[in-house]
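Report on one structure; see the data block that follows.
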Amino acid sequence: MMPTANLSDPMEPLESLRSTAGARIEAVASIAELDALEAELVGRNSPIGAARRGLGTIEDADERRDQGKAINDLATEVSAAIDARRATLAAIEEREALAADRVDVTLPGRPVRRGTSHLVQSTIDEIVDIFVSLGYTVADGPEAETGFYNFTALNIPETHPSRHESDTLYLDYGEGTGDEEVLLRTHTSPMQARYMETHEPPVYVVVPGKVFRADEIDATHLPVFHQIEGLAVDGSITFADLKGTLAHFAKEFFGRDTEVKFIPHYFPFTEPSAEMHAYTKGQWIELLGCGMVNPAVFEQVGYDPDVYTGFAFGMGAERMAMVRHGITDLRALADPDLRILEQYR
Ligand code: PHE
C-alpha cells in the first residue's frame, strides 16, 4: 500500500527529529541538559510520543504496524544515542570531580612554627641531665623561703650582710622576724637543709630553680636568675669526689679539653669551701661555688657528722650559658626578642 502523502503526515516531525537528534545529543555538555533533551526527544510530549498516540487513528493494520515499528526503531535509536552520550558525560563529569578533589601528595607541607625551650631552660636541662646520668635525682623547692632555711639552717649568722634588706628581697608576709621572716630565696642552698630533713643518706640530688636578689639590672646582674644546687652525702665522700664530679661536669658541659682549678673560698655552709674555675675559650673563668658540707649543717638537719660526709655546689644557669656561648650581657637572656633567642636554638 502506498503511504498517503498529506500535510499532516504524523511521520513528518519524526523525519526532522531523526536528522537532527544525533547532532543535538552530541552537542549537549552536561547530564542535566541531556535529561532535558531526552524528554524533548523521546518523552511523552515529544514528536515520538505524539506519533505513538496517533497510531490509534490509523485504520489499516499493516500501516499501523509499519508505522509503529518505524516509531519504535527511531525511539530505540535516539535512546541508544542518548545513553551513549550519558555514559560519556558521566565519565567526563567524574574525571572533573576527581580532578577538583585531587590531593597533591607531593606538595610540600606548611612548616609548623614550633616553640623551643628558652636558652636558660635548655641550659638547666642539660646540666641536670649530666648529673642524672651520674645517678643524681632532681628536686625542687619553694621560691618564698623563711629566714631559717635561707640562712640559719645553713650556718649563716643573724649578722651576715646577705641578711640585710639591701641584698635580700623580703616579703611583707606575716609578723615574722629572723628565722620566721619570709623572703625570696637568695640561693637554692636552702634545699640542702630541706632535702636532708626529709631524706636519709645516701643523698645525691640536684635542685634547679629561681633565686632572687635585690640587685639593680646591669650586664652582670638581674634581680631574678637561676641556680642549680647539688648535694652529695654518703658514708665516705671526700674532697676528691667533689673535684672529680665537678671536673667531669665541666668537661661534659664545656667540652672534653676543659681544665678546672679550685680556689679556696668561704661559704658558711661548707668547710672547706672553694670556687671552681674553668679554662675555656682561652681564659680562666669562675664557674661555681662548692665545698664539703659543714658539720654544723649536718647537725641542724639531724645527720650524724661522725658518720656522714658530703659535698655541695651551686652554679648560676645564666652564667653557664653566657660562658658557653660567649654572651657578654646577661640582659640578652631576659630579652624576649626572638632574633636573639633563636641564635641559641
Ligand atoms: N649558695 C652559694 C651561692 O649562691 C653557692 C654554693 C652552693 C656554695 C653550695 C657552696 C655550696 O653563692
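Derivation of every value follows stated rules applied to the coordinates shown; laboratory data play no part. Not measured: the values here are computed from a predicted model. Cβ: placed from backbone, ideal geometry, glycine included. Neighbour counts: every protein chain shown.
Computed over region 12-97, the convex hull of the alpha-carbon atoms projects to a mean area of 5.4 nm².
Among residues other than ALA193 whose Cβ falls under 14 Å from its Cβ, what is the net charge (Lys/Arg +1, Asp/Glu -1)? Local net charge: -3. Each of LEU183, VAL224, ALA193 was scored by the projection of its Cα onto the charge dipole of the chain, and the greatest displacement toward the positive side belongs to VAL224; charges sit on the C-beta of Lys, Arg, Asp and Glu. Counting only Cβ charges, +1 for Lys and Arg and -1 for Asp and Glu, the dipole size of the chain around its Cα centre is about 1120 debye. The lysine pair count for the chain, using Cα distances under 22 Å and pairs eight or more places apart or on different chains, is 6. Shown is the FRET efficiency for LEU169 and ASP241, computed with R0 = 45 Å from the Cβ-Cβ distance and rounded to the nearest 0.05: 0.85.
Sorting 52-58, 94-100 by their mean Cβ neighbour count within 10 Å, with the most densely packed peptide first, gives 52-58, 94-100.
The gain in end-to-end length when the ILE58 to HIS160 segment is fully stretched comes to 23.7 nm, 0.36 nm per residue minus the alpha carbon separation. With neighbours defined as other Cβ atoms within 10 Å of a residue's Cβ, the residues ILE156, ILE263 order from fewest to most as ILE263, ILE156.
At full extension, ALA29 and ALA70 could sit 11.9 nm farther apart than now, given 0.36 nm per residue minus the alpha carbon distance.
Of all DSSP-defined beta bridges confined to the chain, some 95% are antiparallel rather than parallel.
Between the listed residues ALA80, ILE25, LEU55, the Cα displaced farthest toward the positive end of the dipole of region 12-97, a dipole computed from Cβ unit charges relative to the Cα centre, is found at LEU55.
With the simple spin-label model, which puts each label point 7 Å out from Cα in the Cβ direction, the ALA219 to GLU93 separation comes to 7.7 nm.
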